[in-house]
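The values are calculated or read from the model by the stated rules, or taken from the named source; none is laboratory data. Here the structure is a predicted model, which means the values were calculated and not measured. Using ideal geometry, Cβ is built from the backbone for each residue, glycine included, and neighbour counts are taken over all protein chains shown. Please note that ligands, DNA and RNA were not included when accessible areas were found on the heavy atoms of the full protein model with its side chains. Shrake-Rupley method; radii C 1.70, N 1.55, O 1.52, S 1.80 Å.
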Amino acid sequence: MSAALCLIAAPVASAAPVSATKEIAVGNALWHSERIPSTGGVTLYADVLRPRNLPAGARTPVIMAIGPYFNHYAAKGQQPVLRDSIGQGLVPAGRYDDLIDGARLLERGYTMVMVDLRGFGGSSGCPDASGPGEQSDVAAAVRWAASQSWSTGKVGLYGKSYDAVTALIGAGQQVRGLSAVVAQEPVYDWYRYLYGNGVPRVNRLGTPLSFIYQSSNPGFKPTPGMDPAAYADRTFANVVNPLCQGYSVLSQLNGQKSDAFWRARNLIPRLQGSRVPLFLSQGFIDQNTSADGLQQVLSGMRGPVHAWLGMWDHVRGNDTDMTAPLNSNTPKRLSTGRAGYLDEVGRFFDQYLMGKPPAVKDPAIVIQDNTGRWRAQPVWPQDIATRRVALRSGAYTFDGRQTATKIFYQGQYYGTQIDSVAPGGTNFQVAKTTDSASNAVWTVLPVEKSAVRISGTVEVSLTSRDPDSTPVAVDVYDVDETGMGTLITQNAARLTAGVTTLELFSTDWLVAQGHRIAVRVTDSNNGRWAYDHPTGRRVVVDGGTVVLPMAAADAGTPTSGGSNSNLEGYLGSYRYPVPKQS
């Protein structure tokens, strides 16, 4: 798809304008709905929760979440009730009840606002996949919240996943009034979410289609004050309009990273130099929103940075693992392995929105590595040194059967990595593989004489005479004394004639004394990426270089926290038998 087409603005299907509803008591809050004007004639629907019993004319700072998931038209039974029901049976969105309760936002004196992005829930317009339209929605919503008579002018953004993307959009725009951002498991570059350097991820089509469903599913519970017919008109117009939903899907099927559509959705350049205080959480083994671009974002921020980084999947910092309890008397395990997340969030917002010095001084950054242990550091990565390793030359066959990890089960190997599925469990039972370890170019390093830490982003360059842009996958393993390797990090690219460079996902991994580091260059990592039709052609790699970012094995200061179920499942099943190398 051409860059010119990607710059065309999709027309807007508008809902009828609606004034704010009157306040209704909901538990310890007063709730009302609002309509916020954005660009292109779009109006955004918002829930507003104000603390009860405020003095007349009292102003509060605002915590705001902006995203596609509040679904103010959710079907009955899909939308949780916030604390207690309202007389008419209408309830505000409950996506962040845990934040409101856990961080005690209303008791602390905050107003909570939840905003539907354009094309979702009660808002008008066409969904924009984090593009210019949605970016303008974030700016409009923040400015609106900062300018209200009941606002102090200080706004914080909060979210997880897509809502975390909108929080980073705000930080990148540095909107006036935006004073702090909390982002959990975000996407830093929409292109990297759907592609690995030109190789499509398995979710390349499923993700855009899922947002069409999210946008067009009206359910049975109307938003207060909204005209259901206006919602239906908007939904119908956006589905049949080729410059709305169809435009979005076709644009996201374009694998050219240089296209204007993708450039407009890369948040990393916009975050460089941002001075908005940021509290970020990122799982190194997140199978949905990977740590691809993490180091670039952290190194580019100029404001205060607070972060939880570690070995977990796509979870909130306060989530508990529902699969861990053995019986009803077993306490739920924390999905990150560390307690106190929402308390830290509360202190973070208090500091930057209320100007309150924190009663507890939280570490700037806490990191959990593959051992399950936690440490604190002022920055991450810290004290980077590099180990430059020459990669061996060799060849592989483009057969499309290779997996990054596999397990031997009942006489058959099964792949164990499935896109967007948490590690561990019995996932391998649906991913039968016939891959061969010999269909790869392996470089196995000497035995480590002492423990070493890979901390940051591994960089790889490959030299080849391949003229056909054949997919190539690069995997790095921690190989134990038995020859079994555990996947440390990976990525994919298209191999071209000359030098192909790629960055692997950021990580923090302690390689034990007596283990080896191995690098595998092969044709595919099935389960994570979708590949062109295999040709069976022999692909020659004329060597290359891997640059490993190294930190001290005892880096940082030990702090509280332990392992978690995602990590334990990963260590048990994200493995590969590494061939011996002469």
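So is Gly544 part of a loop (DSSP other than H, G, I, E, B) and either acidic (Asp, Glu) or modelled with pLDDT of 95 or more (or both) or not?
Values: part of a loop (DSSP other than H, G, I, E, B): no; either acidic (Asp, Glu) or modelled with pLDDT of 95 or more (or both): yes.
No: the conditions fail for Gly544.
Working only within region 217-253, note down all residues that are hydroxyl-bearing (Ser, Thr, Tyr), part of a helix (DSSP H, G or I) and at pLDDT below 80.
Hits for region 217-253 are Tyr231, Thr235.
Go through region 369-380 and give me each residue that's crowded, with 17+ Cβ neighbours inside 10 Å and either in contact with a Leu (Cβ under 7 Å, 6 or more places away or on another chain) or modelled with pLDDT under 95 (or both).
Across region 369-380, the qualifying residues are Asp369, Asn370, Trp380.
Pick out the one residue from Phe349, Phe398 that is crowded, with 21+ Cβ neighbours inside 10 Å, of a type in the set (Phe, Trp, Tyr) and out of contact with any Asp or Glu (no Cβ under 9 Å at 6 or more places or on another chain).
Answer to the selection: Phe349.
On the basis of being open to solvent by less than 40 Å² (accessible area, probe 1.4 Å), at pLDDT 50 or above and over 32 Å from the mean Cα position of the chain (by Cα), does Thr43 make the cut?
Numbers: open to solvent by less than 40 Å² (accessible area, probe 1.4 Å): yes; at pLDDT 50 or above: yes; over 32 Å from the mean Cα position of the chain (by Cα): no.
It is false that Thr43 is open to solvent by less than 40 Å² (accessible area, probe 1.4 Å), at pLDDT 50 or above and over 32 Å from the mean Cα position of the chain (by Cα).
Any chance you could count how many residues in region 442-455 are surrounded by 16 or more Cβ atoms within 10 Å (Cβ to Cβ) and within 16 Å of Gly483 (Cα to Cα)? Break it down stepwise before answering.
Start the filter on region 442-455 by keeping residues that are surrounded by 16 or more Cβ atoms within 10 Å (Cβ to Cβ), which leaves 442-445, 448, 452-455.
Those left that are additionally within 16 Å of Gly483 (Cα to Cα): 442-445, 448.
Here the count works out to 5.
Out of Pro467, Pro471, which single residue is part of a strand (DSSP E or B) and more than 26 Å from Ile384 (Cα to Cα)?
Pro471
Conditions (1) in a strand (DSSP E or B); (2) modelled with pLDDT of 95 or more; (3) within 30 Å of Gly337 (Cα to Cα); (4) in contact with a His (Cβ under 7 Å, 6 or more places away or on another chain), marked per residue:
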{"site": "Ala518", "(1), (2), (3), (4)": "yes, yes, yes, no"}
{"site": "Val539", "(1), (2), (3), (4)": "yes, no, no, no"}
{"site": "Ser563", "(1), (2), (3), (4)": "no, yes, yes, no"}
{"site": "Asn566", "(1), (2), (3), (4)": "no, no, yes, no"}
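Within region 76-94, can one find any residue that is at pLDDT below 50, within 30 Å of the chain's Cα centre (by Cα) and buried (at least 22 other Cβ atoms within 10 Å of the Cβ)?
Taking every residue of region 76-94 in turn, at least one turns out to be at pLDDT below 50, within 30 Å of the chain's Cα centre (by Cα) and buried (at least 22 other Cβ atoms within 10 Å of the Cβ).
So how many residues does region 184-211 have that are open to solvent by 10 Å² or more (accessible area, probe 1.4 Å) and without any contact (Cβ under 8 Å) to a residue 60 or more places away in the chain?
The total comes to 5.
Could you go through region 466-476 and let me know if any residue there is surrounded by fewer than 19 Cβ atoms within 10 Å (Cβ to Cβ), modelled with pLDDT under 95 and either on the phi > 0 side of the Ramachandran plot or out of contact with any Leu (no Cβ under 9 Å at 6 or more places or on another chain) (or both).
Applying the first criterion (surrounded by fewer than 19 Cβ atoms within 10 Å (Cβ to Cβ)) to region 466-476 yields 467-469.
From the residues that got through so far, the ones that are modelled with pLDDT under 95 too are 467-469.
From what's left, either on the phi > 0 side of the Ramachandran plot or out of contact with any Leu (no Cβ under 9 Å at 6 or more places or on another chain) (or both): 467, 469.
Yes, there is a match, as at least one residue in region 466-476 is surrounded by fewer than 19 Cβ atoms within 10 Å (Cβ to Cβ), modelled with pLDDT under 95 and either on the phi > 0 side of the Ramachandran plot or out of contact with any Leu (no Cβ under 9 Å at 6 or more places or on another chain) (or both).
Residues of region 124-148 being among the small types (Gly, Ala, Ser), part of a loop (DSSP other than H, G, I, E, B) and more than 24 Å from the chain's Cα centre (by Cα), which ones?
Step one: list which residues in region 124-148 are among the small types (Gly, Ala, Ser), which gives 124-125, 129-131, 133, 136, 139-141, 145-147.
With the extra rule that they be part of a loop (DSSP other than H, G, I, E, B), the set shrinks to 124-125, 129-131.
Answer for region 124-148, where residues must be among the small types (Gly, Ala, Ser), part of a loop (DSSP other than H, G, I, E, B) and more than 24 Å from the chain's Cα centre (by Cα): Ser124, Gly125.
If you take the residues in region 53-71 that are over 17 Å from Asn28 (Cβ atoms) and small (Gly, Ala, Ser), which one is farthest from the chain's Cα centre (by Cα)?
Ala56
Tell me the residue from Thr535, Thr559 that is open to solvent by 20 Å² or more (accessible area, probe 1.4 Å), more than 22 Å from Arg401 (Cα to Cα), more than 24 Å from the chain's Cα centre (by Cα) and hydroxyl-bearing (Ser, Thr, Tyr), please.
Details: Thr535 fails: more than 22 Å from Arg401 (Cα to Cα).
Exactly one of Thr535, Thr559 is open to solvent by 20 Å² or more (accessible area, probe 1.4 Å), more than 22 Å from Arg401 (Cα to Cα), more than 24 Å from the chain's Cα centre (by Cα) and hydroxyl-bearing (Ser, Thr, Tyr), namely Thr559.
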